[in-house]
Protein chains: 2
Amino acid sequence: MTTTIDGSRIARRIRARVAEEVAAAAEAGTVPGLATVLVGDDPASAVYVAAKRRAVREAGMRDFHRKLPGQATQEDVAAVIDELAADPRVSGILLQLPLPRQLDAATLIDRIPVTKDVDGLTTASAGLLARGERGLRPCTPSGVIELLDAEGIALKGARVAVVGWGALVGRPLAQLLLRRGATVSIAHEHTTDLPAVTRAADIVVVATGVRGLVGSEHVAPGAVVIDVGIHRTPHGLAGDVRSAELDGIADRITPVPGGVGPMTIAMLMVNTLRAARWGAEREIVAA
Amino acid sequence: MTTTIDGSRIARRIRARVAEEVAAAAEAGTVPGLATVLVGDDPASAVYVAAKRRAVREAGMRDFHRKLPGQATQEDVAAVIDELAADPRVSGILLQLPLPRQLDAATLIDRIPVTKDVDGLTTASAGLLARGERGLRPCTPSGVIELLDAEGIALKGARVAVVGWGALVGRPLAQLLLRRGATVSIAHEHTTDLPAVTRAADIVVVATGVRGLVGSEHVAPGAVVIDVGIHRTPHGLAGDVRSAELDGIADRITPVPGGVGPMTIAMLMVNTLRAARWGAEREIVAA
């Protein structure tokens with residue numbers, strides 16, 4: 001029998017724990033705060049930012065939000081980031097992607113101080129992850145690790161196939177898994193025999209952005225399958241995995257929606273709390 | 001029949017090409033320079049630094065060298081790095097490792113400006129590699145890629161097993177291979193069934209520091225085997241691979257010595273040249 005992993009429940013538990021710690025921090029006099037920066041009028045981005053702001057308020061944290069027009073210049077966005085970087089009430093800064101075409105996203109992301117980089121996407125955070133040093137890790141890959149931990153799935157010595165080598169999920173996830181002692185294989189669009197790679201794995205994580213890429217031919221009996229994909233279809237949301245095919249083959253599988261998705265926002269809350277603590281330490285050091 | 005890959009010949013060719021480009025740069029008025037910093041009296045380190053300085057002079061580059069006593073403090077070494085960082089004649093700075101125990105190596109490495117980081121070991125360089133941005137890559141993994149290229153071995157779509165996940169070789173090498181379109185599996189001390197991982201690979205790179213770890217049971221017929229290990233034995237130098245066992249199994253294999261070793265110094269020369277060009281660009285931008 002294949003079990004469905006309830007990401008929503010695990011995410012709720014993490015968010016409740018964050019709310020408790022925020023309440024304790026508030027009693028001690030410091031309330032963590034997240035600043036979301038939204039440029040332009042992309043409807044999907046507006047939905048995502050609204051969900052993040054709601055989670056911030058539910059966790060008892062301060063919600064700072066900046067909305068810039070779609071024709072904002074590089075200098076406009078840079079000035080907002082610099083202002084938020086200098087504001088001690090702002091623990092974390094989230095620049096919602098994608099940005100309008102006239103903006104250079106990489107340069108703007110790298111303006112976020114490493115201690116406020118709650119998305120973990122700056123070059124500096126990538127370097128700290130690569131070096132195994134303290135830093136904020138990208139939310140979705142951290143969420144995948146938390147999900148596996150919550151399910152009691154051992155990572156040390158496990159063979160894990162990461163399908164997709166994107167900057168947001170696959171690359172940082174491979175490193176997080178390796179730090180935990182997993183033997184990791186990374187497959188992508190140039191991989192010639194994907195089933196050979198994924199069938200050798202105890203855990204298969206799919207983050208390709210290709211709807212229904214992975215099916216029964218890719219998964220060994222008893223494997224755990226984590227589906228990071230999310231696609232809007234006429235019949236509702238769907239993932240990168242043809243999950244119906246895996247019933248009776250996989251041991252456990254994450255659904256879409258309700259699997260990895262809720263974990264991303266939960267880990268954003270965790271990162272904001274961590275950023276607040278890190279920032280407070282640095283103030284003490286500087287003082 | 002198993003062919004031995006002649007790393008010394010490939011390295012010589014690269015160094016000759018660097019020397020030509022250095023001569024052209026000198027005619028145009030700029031001579032690249034490498035500063036080697038050696039702390040203490042470790043005999044192996046002294047031998048390595050001497051070999052690097054010899055290669056620098058043979059390439060027609062400026063050889064800057066600083067020797068500090070074994071009891072040098074963190075501040076002593078930091079001051080030397082800062083001085084070299086500020087010197088426009090110094091294109092690259094190499095801090096020879098390991099450092100004496102009283103020194104914090106990571107902090108000292110991170111003092112090297114990213115444009116002079118010819119060893120590619122700073123957190124900033126690791127971030128640039130992880131993000132796929134312009135930067136200097138560590139010499140040994142770059143040397144492995146150059147070796148495979150020189151042998152005409154296709155990387156796109158190839159299955160590569162990287163055995164060893166160290167900061168100097170395995171980690172950066174996995175990323176360089178993925179950038180080239182290889183499907184990469186990374187194994188290490190927690191891997192439970194190493195032969196299963198390596199036998200699935202077209203190319204096996206071994207960088208574990210464990211003498212003779214890999215033998216005939218690990219290698220599929222026709223595979224290419226790259227041995228990064230180097231160990232002093234009573235019978236001369238040896239690698240991480242029991243190469244005699246692979247005769248007739250592997251298609252090609254690197255010897256120890258004369259395989260990857262000479263490539264490391266050759267890539268240090270390439271990196272110094274690249275650093276000189278990068279530094280010159282930044283001066284133009286700053287002027």
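Some notes on this structure:
- Interface residues in segment B:180-197 - accessible area drops by 10 Å² or more relative to the isolated chain, probe 1.4 Å: B:Gly181, B:Thr183, B:Val184, B:Ser185, B:Ile186, B:His188, B:His190, B:Thr191, B:Thr192, B:Ala196, B:Val197
- Kirkwood radius, the protein assembly as shown, all distinct C-alpha pairs, inverse of mean reciprocal distance: 25.6 Å.
- Relative contact order [Cα under 8 Å, 6+ residues apart], chain A, whole percent: 22
- Residues A:Glu189, A:Glu151, B:Glu281 ordered from highest to lowest accessible area at a 1.4 Å probe: A:Glu189, B:Glu281, A:Glu151.
- Against chain A, whose longest principal axis comes from its Cα atoms, helix A:139-150 is set at around 60 degrees.
- For chain A, alpha-carbon Rg and Dmax in angstrom: 19.2, 59
- Once the Cα atoms are used to define both axes, helix B:170-179 deviates from the longest principal axis of chain B by about 80 degrees.
- Distance between modelled label sites at A:Ala16 and A:Ala51, nm, 7 Å Cα→Cβ extension: 2.1
- Between B:Ala78 and A:Arg179, the simple spin-label model (points 7 angstrom out along Cα→Cβ) gives 2.5 nm.
- Segment B:208-222 residues near the modelled B:Asp193 label - backbone nitrogen below 17 Å, point 7 Å along Cα→Cβ: B:217-220
- Whole-Å distance, taken between Cα centres, linking segment B:1-68 and segment A:212-236: 51
- For the peptide A:105-114, the mean number of other protein chain Cβ atoms found within 10 angstrom of a residue's Cβ is 1.
- Whole-percent carbon and sulfur share, accessible surface of the protein assembly as shown, 1.4 Å: 54
- Flagged links, alpha-carbon separation over 27 Å, of A:Lys67/A:Lys116; B:Lys52/B:Lys116; B:Lys67/B:Lys116; A:Lys156/B:Lys156: A:Lys156/B:Lys156
- Acute angle (nearest 10 degrees) that the helix B:260-286 long axis makes with the longest principal axis of chain B, alpha-carbon atoms: 40
- Other residues with beta-carbon under 12 Å from the beta-carbon of B:Gln71 carry, at +1 per Lys or Arg and -1 per Asp or Glu, a net charge of -1.
- Estimated translational D of segment B:151-229 in µm²/s (Stokes, Kirkwood radius over Cα pairs; 20 °C; 1.002 mPa s): 173
- Full extension of the chain between A:Asp247 and A:Arg232 yields a length gain of 3.2 nm, computed as 0.36 nm times the residue separation minus the alpha carbon distance.
- Summed buried accessible area for A+B [probe radius 1.4 Å, Å², rounded to 100]: 2700
- Counting Cβ atoms of other protein chains within 10 Å of each Cβ in A:156-164 and taking the mean gives 2.
- For segment B:29-113, the solvent-accessible area with a 1.4 angstrom probe is 48 square angstrom per residue.
- Computing FRET efficiency as 1/(1 + (r/R0)^6) for A:Ala44 and B:Arg277, where r is the C-beta to C-beta distance and R0 is 41 Å, gives about 0.45.
- Alpha carbon centroid spacing (whole Å) that separates segment B:78-143 from segment B:246-279: 19
- Modelled label reach - B:Ser216, point 7 Å along Cα→Cβ, segment B:1-21 residues with backbone N closer than 19 Å: B:1-4
- The ellipsoid equivalent to the alpha-carbon distribution of segment B:165-287 has semi-axes of 32, 18, 13 angstrom, derived from the gyration tensor eigenvalues as √(5λ) and listed largest first.
- Protection-proxy order for peptides B:214-222, B:267-275, each taking the mean of Cβ atoms within 10 Å per residue, highest first: B:267-275, B:214-222
- In terms of packing, defined here as the mean over residues of other Cβ atoms within 10 angstrom, the peptides B:82-92, A:119-129 line up highest first as A:119-129, B:82-92.
The values are calculated or read from the model by the stated rules, or taken from the named source; none is laboratory data. This is a predicted model, so every value here is computed, not measured. Note that each Cβ is placed from the backbone with ideal geometry, even for glycine, and that neighbours are counted across all protein chains shown. Side chains are part of the model used for accessible areas, which takes the heavy atoms of the whole protein and leaves out ligands, DNA and RNA. Shrake-Rupley method; radii C 1.70, N 1.55, O 1.52, S 1.80 Å.
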